[in-house]
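Asker: Structure incoming, see below.
The values are calculated or read from the model by the stated rules, or taken from the named source; none is laboratory data. This is a predicted model, so every value here is computed, not measured. Counting neighbours? That spans all protein chains shown, and the Cβs are built from the backbone with ideal geometry, glycine included. Protein only, heavy atoms only, side chains kept; ligands, DNA and RNA dropped before computing areas. Shrake-Rupley method; radii C 1.70, N 1.55, O 1.52, S 1.80 Å.
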Amino acid sequence: MPKMRAAQVPYAKGPFELIERDIPQPSIGQVRVKVQACGVCHSDSVTKEGLFPNIQYPRVPGHEVIGILDAIGSGVAGWGIDQRVGVGWHGGNCGYCDSCRRGDAFACETETLVTGVTHDGGYAEYMIAPASALARVPDDLSSVEAAPLMCAGITTFNALRNSGARPGDTVAVLGIGGLGHLGVQFAAKLGFRTVAIARGQDKSPLAQQLGAHHYIDSQTEDPAAALQKMGGAKVILATATSGAAMSAVQGGLAVRGTLLIVGVPDALEVNPLPLIMGSRSVQGWYSGTSIDSQETLAFSALTGVRSMNEIYPFDRVAEAYERMMSGGARFRVVLKMDG
């Protein structure tokens, strides 16, 4: 049998193992992807640390995958050999449960498949994916450029475009990191009056470079008060992982405004009185399904939104993962399979 390289986690909290294994074959409804690039996302720690229930080890992480279709199983229509595709966090759904039938495939009740968690992902030269998990990749995006858009990109873009904000509305992005640096770009390209919020004046030039119209340094001024001086924010996209930072900006919401959470803090304090008095809300947002990924890629190619990446060759996967987990990367880490 032909062999491939893969980076597997042998058990929860175990080290990465670079191994050789047989190249897998797709079954009914599946395809095989020859991986070109795979983002290294903080959510990969779910697999590395065993944070998801019932993970079967060894497991290959990776859910920001871009590659070429090189084998197609029976029962798959609409896809062709050598077509470039992306595979994200949402790894497929049943299509027949009540949530799927309502159009909420992300909340599938019977077959919640997660790439790199419930089945092997993109830290490998080849991977198997359900055809329902595939997104088409525009020619205008390189595979390295496209990879982080399959999670960080779709999460911020899909949240913003479904937030209820309209062009011209004030939208704030809390945090300019792996998610936030994309959130600022998407907010500006979607036509929002974009406000970036972060700690320190040194981030102001970056915020402007990304397209922000205003920058708030939360170290030197009250971000909620600063937003209220602008009339309040229709949406605050909370990409930071600090519950305290999220709590500090809640008062900056306009009437009927929404604190939209995509970062994952340990805990969050919410003051109910402003919510009640101003009909404000706090909402979470799941990244999205394959068509959302495809539309994220298309919008990014059209408008020039790009992730800022640090690129590592595949054989330095452990180093790439540690760089991502350190929080020091600017701003996403990507494995390049031929690098």
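Asker: Give just the number: which of (1) more than 23 Å from residue 337 (Cβ to Cβ); (2) modelled with pLDDT of 95 or more does residue 129 not satisfy?
Answerer: (1)
Asker: Can we say residue 145 is out of contact with any Ser or Thr (no Cβ under 6 Å at 6 or more places or on another chain) and not in a loop (DSSP other than H, G, I, E, B)? Before the answer, list the steps.
Answerer: Working: out of contact with any Ser or Thr (no Cβ under 6 Å at 6 or more places or on another chain): yes; not in a loop (DSSP other than H, G, I, E, B): yes.
In short, yes.
Asker: Does residue 205 qualify as being closer than 21 Å to residue 299 by Cβ, more than 21 Å from the chain's Cα centre (by Cα) and surrounded by fewer than 24 Cβ atoms within 10 Å (Cβ to Cβ)?
Answerer: So residue 205 fails the test.
Asker: Can you confirm whether region 183-192 contains a residue that is touching a Cys at 6+ places or on another chain (Cβ under 6 Å) and surrounded by 20 or more Cβ atoms within 10 Å (Cβ to Cβ)?
Answerer: No.
Asker: Just checking, does region 65-80 include any residue being under 15 Å from the mean Cα position of the chain (by Cα), open to solvent by less than 10 Å² (accessible area, probe 1.4 Å) and modelled with pLDDT of 95 or more?
Answerer: Yes; the residues of region 65-80 include at least one that is under 15 Å from the mean Cα position of the chain (by Cα), open to solvent by less than 10 Å² (accessible area, probe 1.4 Å) and modelled with pLDDT of 95 or more.
Asker: Looking at region 22-33, I want the residues that are over 11 Å from residue 70 (Cα atoms) and open to solvent by 30 Å² or more (accessible area, probe 1.4 Å) and have a partner that is among the hydroxyl-bearing types (Ser, Thr, Tyr) and part of a loop (DSSP other than H, G, I, E, B) with Cβ atoms under 6 Å, at least 6 apart or on another chain. Which pairs are those?
Answerer: That search, which allows pairs on different chains as well, returns 28/74.
Asker: Looking at residue 196 and the list (1) without any contact (Cβ under 8 Å) to a residue 40 or more places away in the chain; (2) hydrophobic (A, V, I, L, M, F, W, C); (3) open to solvent by 20 Å² or more (accessible area, probe 1.4 Å), which single condition is not satisfied?
Answerer: Of everything listed in (1) without any contact (Cβ under 8 Å) to a residue 40 or more places away in the chain; (2) hydrophobic (A, V, I, L, M, F, W, C); (3) open to solvent by 20 Å² or more (accessible area, probe 1.4 Å), residue 196 misses just condition (3).
Asker: Sticking with this one: Please pick out the residue among 132, 99, 143 that is within 12 Å of residue 64 (Cα to Cα) and open to solvent by 10 Å² or more (accessible area, probe 1.4 Å).
Answerer: On inspection, the qualifying residue turns out to be 143.
Yes/no matrix, rows are residues, columns are (1) on the phi < 0 side of the Ramachandran plot; (2) surrounded by 14 or more Cβ atoms within 10 Å (Cβ to Cβ); (3) touching a helix residue (DSSP H, G or I) at 6+ places or on another chain (Cβ under 6 Å):
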| residue | (1), (2), (3) |
| --- | --- |
| 43 | yes, yes, no |
| 58 | yes, yes, no |
| 62 | no, yes, no |
| 82 | no, no, no |
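Asker: Let me ask something additional. Got a sec? Which of 198, 248, 207, 238 is among the hydrophobic types (A, V, I, L, M, F, W, C), over 22 Å from residue 332 (Cβ atoms) and modelled with pLDDT of 95 or more?
Answerer: On inspection, the qualifying residue turns out to be 248.
Asker: Any residue at all in region 45-56 that is in a strand (DSSP E or B), surrounded by 14 or more Cβ atoms within 10 Å (Cβ to Cβ) and not aromatic (Phe, Trp, Tyr)?
Answerer: Within region 45-56, not a single residue is in a strand (DSSP E or B), surrounded by 14 or more Cβ atoms within 10 Å (Cβ to Cβ) and not aromatic (Phe, Trp, Tyr).
Asker: Which residues, counting only those in region 282-307, are in contact with a Gly (Cβ under 8 Å, 6 or more places away or on another chain) and open to solvent by 40 Å² or more (accessible area, probe 1.4 Å)?
Answerer: 294
Asker: Separate question: Residue 111 fails exactly one of the following numbered conditions: (1) charged (D, E, K, R); (2) outside any loop (DSSP other than H, G, I, E, B); (3) under 21 Å from residue 27 (Cβ atoms). What is the number of that condition?
Answerer: The failed condition is (2).
Asker: Just the residues that are surrounded by 14 or more Cβ atoms within 10 Å (Cβ to Cβ), more than 18 Å from residue 18 (Cα to Cα) and either small (Gly, Ala, Ser) or over 17 Å from the mean Cα position of the chain (by Cα) (or both), please, taken from region 326-339.
Answerer: Within region 326-339, just 329 meets the criteria.
Asker: How do the strands (runs of 3 or more DSSP E) wholly within region 211-293 filter down when requiring 3 or more residues that are in contact with a strand residue (DSSP E or B) (Cβ under 9 Å, 6 or more places away or on another chain) and without any contact (Cβ under 8 Å) to a residue 40 or more places away in the chain: which remain? Show your work before the answer.
Answerer: Numbers: elements: 214-217, 233-238, 253-261, 281-284.
Fully inside region 211-293 and qualifying: 214-217, 253-261, 281-284.
Asker: If the requirement is being among the basic types (Lys, Arg), at pLDDT 95 or above and touching a Ser or Thr at 6+ places or on another chain (Cβ under 7 Å), which of these qualifies: 59, 5, 32?
Answerer: On the way: 5 fails: touching a Ser or Thr at 6+ places or on another chain (Cβ under 7 Å); 32 fails: touching a Ser or Thr at 6+ places or on another chain (Cβ under 7 Å).
Going through 59, 5, 32 in turn, just one is among the basic types (Lys, Arg), at pLDDT 95 or above and touching a Ser or Thr at 6+ places or on another chain (Cβ under 7 Å): 59.
Asker: Would you check if there is a residue in region 308-325 being within 28 Å of residue 78 (Cβ to Cβ), at pLDDT 95 or above, surrounded by 14 or more Cβ atoms within 10 Å (Cβ to Cβ) and not basic (Lys, Arg)?
Answerer: Quick first cut of region 308-325, residues within 28 Å of residue 78 (Cβ to Cβ) only: none.
No, region 308-325 contains no residue that is within 28 Å of residue 78 (Cβ to Cβ), at pLDDT 95 or above, surrounded by 14 or more Cβ atoms within 10 Å (Cβ to Cβ) and not basic (Lys, Arg).
Asker: Read through the list (1) open to solvent by 50 Å² or more (accessible area, probe 1.4 Å); (2) more than 18 Å from residue 274 (Cβ to Cβ); (3) of a type in the set (S, T, N, Q), then give the number of the only condition that residue 228 fails.
Answerer: (2)
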